[in-house]
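Shown next, in structure tokens, is the structure this report addresses.
Coordinate-derived values only; no laboratory data. These figures come from a predicted structure and were not determined experimentally. All Cβ positions, even for glycine, are placed from backbone atoms using ideal geometry, and neighbour counts span all protein chains on display.
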Amino acid sequence: MRSDKRGIGVKREFLSLLILIVAFVCSGGGSYLKACQHCPKSESVTIKSDLTSTNLTTTPTPAYKHLMAIEFNTPKLNPKDQVYIASLDVPSEYKKLFVETQYHLNDVIGGYMNFNQIIYRKSGSNVDAQPVFDRLIAIKYSGYEDGYTVQEVQDRASCLTGSDPGGWGTKRTNPHSICIMDYEFLLDPHQVVSIGGTSALQAKLTIVDGIAHEYFHHFQRAHALDRGLDYQYGHSSVGAPTWWIEGAASLFNRLWTLQEYSNISELKGLQEEQVTQLINLPEHYTIFLKQVQGVISWDDRGIDADWYLSQSDERYDTMTPNCDVMLVAAYLAHLTSYQTLWIDIPQDYYELGFKGSFEKNTGMTLQAFYDCFNGFMHSRDPNESPPVGFFPTEPINTYADFWRIRSE
Ligand SMILES: [Zn+2]
């Protein structure tokens, strides 16, 4: 996302999570809902719609009709325009890494059209970067009118950004998600090698994990259709809060990477301990509890002991710095289900707005959920392991069926 906190989060993990611990093994569902005195009883919750714009069910916009006609939000095995484009001086092993990662992502979440992975070399020549320029011009990315130089691509690079060569909101709209990274970043993502001291294989694992994160954002965007995902798209957007956008994505990329890394040939040889060194979900849980309860303090790298999840965490520009919102998402899944967190909510947010969809699918208002989360985090034993099922270890498709989603 434009204001992605992921880089900060990953760096923090490396600086602070380099302690190996035995992986927590969990299974089954388990629900805190029954025991949570902070949670509202479902029958007492008033369901209300967030819709403030056009009545979408009776007067579909031309943009909406076009997006439905091109099946923009329909998961497929081989969707149109999922591309990997790199400068000529980027080693071909990365093409293999990206293409394989996309293949396995499509298998679990479904393939969504118009996802562009662009790799250039900061120290490379304009001649070698021509394929990158050609692609960015074709999809009318910012600054396409007079072409690009490597420096201009660097100035405009972002993961994740976007374009719409058909014209956003028009009857020819054709939104693209674009992840632009430089080759130098691939070698040492978030300084995992230079500061974290990890291996080249672990750097590649970090890249794979990052692709999964950004692709999940593409999935979130696809189901917002022409409304747009959050406040950055204006008042008619579905209004998804930042804690959900980033939390649901961060939780997905980690669970997916743990599941799939051994299927990616460019990661062959990676040991389980090396993966755990980078992705240790139970440790996230324990550290978060300790921070919230003031047992440990990391100054500017953590959250304050008196922090409470609130409305301010619904926007990038007011969100609590360094807050591990993955835990917020995991708690919502624990309270409801992963199917609710990842699939049911986005399935309904085009029609109902995020708030309406949240209330319909969870039986809670957002504020009731915040109260419940805060009550949970401040009342648990700070030394405990995550509750059973908090981070599932079964294959994702056994507890969350992404292929079933139908938003309209
Ligand atoms: Zn993100």
Original post:
About its Cα centre, what dipole magnitude does the chain give when the only charges are +1 on Lys and Arg Cβ and -1 on Asp and Glu Cβ, stated in debye to the nearest 20?
Top reply: 720
**OP:** Amide H neighbours of Gly162 under 5 Å, at least 5 residues apart or on other chains, H built in the peptide plane: list them.
**Re:** Ile178
Subject >> Inter-probe distance in nm under a simple model that places probes 7 Å from Cα toward Cβ, at Ser297 and Asn263 >> reply: 4.6
Subject >> Peptide ranges 310-317, 254-261, 214-221 listed from the most packed, as the mean C-beta count within 10 angstrom indicates >> reply: 214-221, 254-261, 310-317
Original post:
What does the charge count near Ala129 come to, summing +1 for each Lys or Arg and -1 for each Asp or Glu among other residues with Cβ under 15 Å from its Cβ?
Top reply: -3
**OP:** Holding the Cα-Cα limit at 23 Å, pick out from Lys140/Lys171; Lys96/Lys204; Lys171/Lys360; Lys95/Lys268; Lys76/Lys96; Lys290/Lys355 the pairs that are longer than that.
**Re:** Lys171/Lys360; Lys290/Lys355
Original post:
How would you classify the chain from its alpha-carbon gyration tensor, with a ≥ b ≥ c the square roots of the eigenvalues: rounded for a/c under 1.5, else prolate if a/b is greater than b/c, otherwise oblate?
Top reply: oblate
Subject >> For region 147-267, size of Cβ-based charge dipole, Lys and Arg +1, Asp and Glu -1, in debye >> reply: 420
Original post:
In the chain, which whole DSSP H runs stretch at least 30 Å along their own axis (Cα) and average 1.0 or higher on the Kyte-Doolittle scale?
Top reply: none
**OP:** Name the long-range amide H neighbours of Ala86: under 5 Å, sequence gap of 5 or more, or other chain; modelled H, no Pro or chain starts.
**Re:** Ile119
Original post:
With charges only on Cβ, +1 for K and R and -1 for D and E, what is the dipole size of region 105-168 about its Cα centre, in debye, rounded to 20?
Top reply: 140
**OP:** Order the peptides 154-161, 331-338 from the highest to the lowest mean number of other Cβ atoms within 10 Å of their residues.
**Re:** 331-338, 154-161
Subject >> For region 240-391, with +1 on Lys and Arg beta carbons and -1 on Asp and Glu, the positive-most of Phe252, Leu278, Tyr370 along the dipole >> reply: Phe252
